[in-house]
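Notes to accompany the following structure.
The values are calculated or read from the model by the stated rules, or taken from the named source; none is laboratory data. Every value quoted in this text rests on a predicted model; they were computed, and no experiment measured them. So basically every Cβ, Gly included, is an ideal-geometry build from the backbone, and we count neighbours across all protein chains shown.
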Amino acid sequence: MAAASIFAVIIFVAMFLLIVLDKIERHIVTLGCGALTLIVVFGICMRSGKAILGTLAVGDFFKKDFWYQVTESESKGINWATIIFIAGMMIMVEGMAKAGFFRWLCMKIAYMVKCRTIPIFITFMIMSAVLSMFIDSITVIMFLAAVTIELAQLLKFNPVPMILSEIFCANLGGSATMCGDPPNIIVGTSLGFSFFDFLTNTGLIAGICLIVSVVFFYFVFRKEIVTENGAEVDMSKFPNPSEAITNKKDFITSSIIFGMAVILLVSHSATHLTVASIGLFIAVITLISAGKDALSLLKKVDYKTVLFFIGLFIVVGGLEETGILEYIAQFIESISHGNVMLMIAIILWISALASAFVDNIPFAATMVPVIQSLASTSGVDISTLAWALSIGTDIGGSATPIGASANVVGTSVAAKNGYPIGWGKYCAKLAPATIIVLAISTAYIFVRYL
Amino acid sequence: MSQLIISVGREFGSGGKVIAEKLAKRFNIPIYDRHLITEIASKTGLTAGEIEKYNETPASRLVSRRVRGFSNSIEDNIAEMQFDFLRKKAESGESFVVLGRCSETKLRDFDGLVSIFVTGDTDSKIKRVMKVYEMPEDDARDFITKKDRKRKRYHNYHVGMHWGDSRLYDLTINSSKLGIDGTVDILESYIRARIK
């Protein structure tokens, strides 16, 4: 077992380093490391076919609980529910983007507030957070940042403050729900939490933090987002939002499917449909309604991310099976001397610090078994630790330009349009905002759960 | 061949830039080097100085990250803008000479591409750099090493193949053997044979 543990750690550390170095595509890294885990750790060191089967978790597909779950249950190994859900939502989002939904929504809101910069600034922050509750933040920021730049060029204002605020709010919105950010899907499906559990816990924290963030960014950026000469906006020059719709039928269909996805997610604890069922259902109806375009939608799915998840779960499975993660849990317990407040603070702030510099998905996948072990040995409620982990990983990523996918996409769209955002410019405003929001979240968790 | 794109990769001090300029004159086509910077500056609102700072510079892997083709690195984005600019020029059917910018790989799908890499003997390169930049020998040697390392990192970062590897180029030539004009003559003959 000692050899298995050593190899599991070496493979995990190598995987993390290779992801950070970004020399090899990350899905190849995780799949390669996953294969090594199966062969070296489980096969050669442990000689355990059971560990291999348990980690591959293929049997999950044939369990009723995987699709229809009356009692909450936890999962181990490859988290297929997360993978199916993410793939399903990707297909839906591709359909919405193709129909022009996101561009239309951005233009419509700008039109409704008569293109005045401060109202656009505030509504776009809120829209960024709300959309990110249901849709991946990469898509949200890709469209919001592009429309923000278009508006900035039309109305002659600096789009950088607005893009930075949108990025921050997208990450914040993602923390509010189970499907908002991949770490939450991993936490939720691994520990058996529902969409509603997230909404009434991390959702409330995100809501409070959103109000604070909007006020914070308003005071920080209000002088930078005025139009040149404070000129009145000529609405006749503004493109009609309906021009963004590429196909009316597709637009209506994709809007209905999105609405259905939201309803199914909000009500899934009552309907007992799992996120895997919802993801599959949404994907199937999107593909059916796309008709002959179904194949092109499927081709646009970011299959690399799906493969990345599969490899990642196997590597983390290696750490789990060899008991390494229990050592980490014991270490956290020993340095906190059983002090629950300190334990929560460590999980939240270490998760935030790590997520500010490395991908929060592998971090969250690794930490889930750690908090499970910590909860069973220390007696702390697992849900409290789960909310601390979710908030830490989701929001911590906002602090640096590389902390979360939305940050990379937002700064890239800005740079390509002539508004480069370096580390200094980014961190000067968003790092303090992240610290403020994390402090509020920590205080909230202490007051509500302890 | 109606379109001619001459891609010139070069070691620092080999005279590759002068060779590229002379080729542009002989074929009466524009050359894109610094012009790429001013073109992008005019399109984006960035100053030429800002672009120059990040020009042909590889991003640091530790402080940058890529997500679905997007990168937070300003260096990456400036490079992508230059690649896009070159691709659009090539797609428009225009003939031109381009210096560096991984053009031998980025434009390899265009039939009119002739890719050249100019190398040179170390002593000749040092002498040339000492003369052009008016610096002592040791400084020239260090300067060459530094510049070539930067070009190599930039190229290998964006292309994933080795800078200066003869398999990437149609022709690799040592400018120290025939001098600048002699090298240009040989290259002109080769290119004319290619476009016949």
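Some notes on this structure:
Here's the yes/no breakdown for (1) out of contact with any Lys or Arg (no Cβ under 6 Å at 6 or more places or on another chain); (2) among the aromatic types (F, W, Y); (3) modelled with pLDDT of 90 or more; (4) more than 30 Å from A:V262 (Cβ to Cβ):
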position	(1), (2), (3), (4)
A:V20	yes, no, no, yes
A:C33	yes, no, yes, yes
A:T37	yes, no, yes, yes
A:M96	yes, no, yes, no
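- Within the stretch A:4-51, the only residue that satisfies the criterion of being within 14 Å of another protein chain (Cβ to nearest Cβ), of a type outside the set (A, V, I, L, M) and crowded, with 21+ Cβ neighbours inside 10 Å is A:R26.
- Only one of the listed residues (A:A388, A:A399, A:A352, A:A415) is within 20 Å of A:S132 (Cα to Cα), within 14 Å of chain B (Cβ to nearest Cβ), of a type in the set (A, V, I, L, M) and surrounded by 24 or more Cβ atoms within 10 Å (Cβ to Cβ). That residue is A:A399.
- Yes/no for A:I186 being closer than 27 Å to A:I282 by Cα and touching a Lys or Arg at 6+ places or on another chain (Cβ under 7 Å): no
- Filtered residue count, the stretch A:435-450, keeping only those that are in contact (Cβ under 8 Å) with a residue 12 or more places away in the chain and under 26 Å from A:G379 (Cβ atoms): 8
- Just one residue in the set A:V409, A:V437 is within 14 Å of chain B (Cβ to nearest Cβ), assigned to a helix (DSSP H, G or I) and within 25 Å of A:A145 (Cβ to Cβ); that residue is A:V409.
- Cβ-Cβ contacts under 7 Å between residues 6 or more apart (or on different chains), taken from a first residue in the stretch A:106-120 that is in contact (Cβ under 8 Å) with a residue 40 or more places away in the chain to a second residue that is among the polar types (S, T, N, Q) and part of a loop (DSSP other than H, G, I, E, B), are listed as A:T117/A:T227.
- Residue match in the stretch A:364-374 (condition: within 14 Å of chain B (Cβ to nearest Cβ) and surrounded by fewer than 24 Cβ atoms within 10 Å (Cβ to Cβ)): no
- Residue within the stretch A:420-434 that is within 14 Å of chain B (Cβ to nearest Cβ), touching a helix residue (DSSP H, G or I) at 6+ places or on another chain (Cβ under 9 Å), of a type in the set (A, V, I, L, M, F, W, C) and free of Cβ contacts under 8 Å to residues at least 12 places away in the same chain present: no
- Some residue of the stretch B:178-185 being in contact (Cβ under 8 Å) with a residue 24 or more places away in the chain and exposed (fewer than 15 other Cβ atoms within 10 Å of the Cβ): yes
- When the test is whether a residue is farther than 20 Å from A:Y218 by Cβ and touching a helix residue (DSSP H, G or I) at 6+ places or on another chain (Cβ under 7 Å), A:M125 does not pass it.
- Count of the stretch A:267-296 residues which are farther than 17 Å from A:F134 by Cα and either of a type in the set (F, W, Y) or surrounded by 21 or more Cβ atoms within 10 Å (Cβ to Cβ) (or both): 1
- Every residue from the stretch B:63-84 that is assigned to a helix (DSSP H, G or I) and either of a type in the set (D, E) or more than 7 Å from chain A (Cβ to nearest Cβ) (or both): B:E75, B:D76, B:I78, B:A79, B:E80, B:Q82, B:F83, B:D84
- Selection of the stretch A:431-446 for residues being crowded, with 24+ Cβ neighbours inside 10 Å and not hydroxyl-bearing (S, T, Y) yields only A:V437.
- Subset of the stretch B:32-53 [more than 12 Å from chain A (Cβ to nearest Cβ) and part of a helix (DSSP H, G or I)]: B:R34, B:H35, B:L36, B:I37, B:T38, B:E39, B:A48, B:G49, B:E52
- When B:E56, B:E21 are checked against the criterion of being in contact with a helix residue (DSSP H, G or I) (Cβ under 6 Å, 6 or more places away or on another chain), away from every other protein chain (no Cβ under 14 Å) and either of a type in the set (D, E) or under 30 Å from A:D359 (Cβ atoms) (or both), a single residue qualifies: B:E56.
- Exactly one residue out of A:I84, A:I109, A:I91, A:I120 is surrounded by fewer than 21 Cβ atoms within 10 Å (Cβ to Cβ) and modelled with pLDDT of 90 or more: that is A:I109.
- Taking first residues from the stretch A:13-39 that are free of Cβ contacts under 8 Å to residues at least 60 places away in the same chain and outside any helix (DSSP H, G or I) and partners that are polar (S, T, N, Q) and buried (at least 18 other Cβ atoms within 10 Å of the Cβ), the Cβ contacts under 9 Å between residues at least 6 apart in sequence or on separate chains come to A:D22/B:S64.
- In the stretch B:85-107, residue nearest to the other protein chains (Cβ to nearest Cβ) [restricted to those that are within 16 Å of B:E56 (Cβ to Cβ) and in a helix (DSSP H, G or I)]: B:F85
- Residue within the stretch A:305-325 that is farther than 22 Å from A:N79 by Cβ and assigned to a loop (DSSP other than H, G, I, E, B) present: no
- Filter result for B:I29 (part of a helix (DSSP H, G or I), more than 12 Å from chain A (Cβ to nearest Cβ) and of a type outside the set (F, W, Y)): no
- Among residues of the stretch B:89-102 that are hydroxyl-bearing (S, T, Y), those with a beta-carbon under 8 Å from a residue that is in a loop (DSSP other than H, G, I, E, B) at least six positions away or on a different chain give the pairs B:S95/B:Q3; B:S95/B:L4; B:S95/B:I29; B:S95/B:G112.
- All conditions in (1) part of a helix (DSSP H, G or I); (2) closer than 16 Å to A:I167 by Cβ; (3) under 21 Å from the mean Cα position of the chain (by Cα) hold for A:K425, with the sole exception of (3).
- The stretch A:330-342 residues that are loosely packed, with under 13 Cβ neighbours inside 10 Å, paired with ones that are of a type outside the set (A, V, I, L, M, F, W, C) and modelled with pLDDT of 85 or more (beta carbon under 7 Å, 6 or more apart): A:G338/A:S378
- Any hit, the stretch A:351-359, residues being under 21 Å from the mean Cα position of the chain (by Cα), among the β-branched types (V, I, T) and either modelled with pLDDT of 90 or more or part of a helix (DSSP H, G or I) (or both): no
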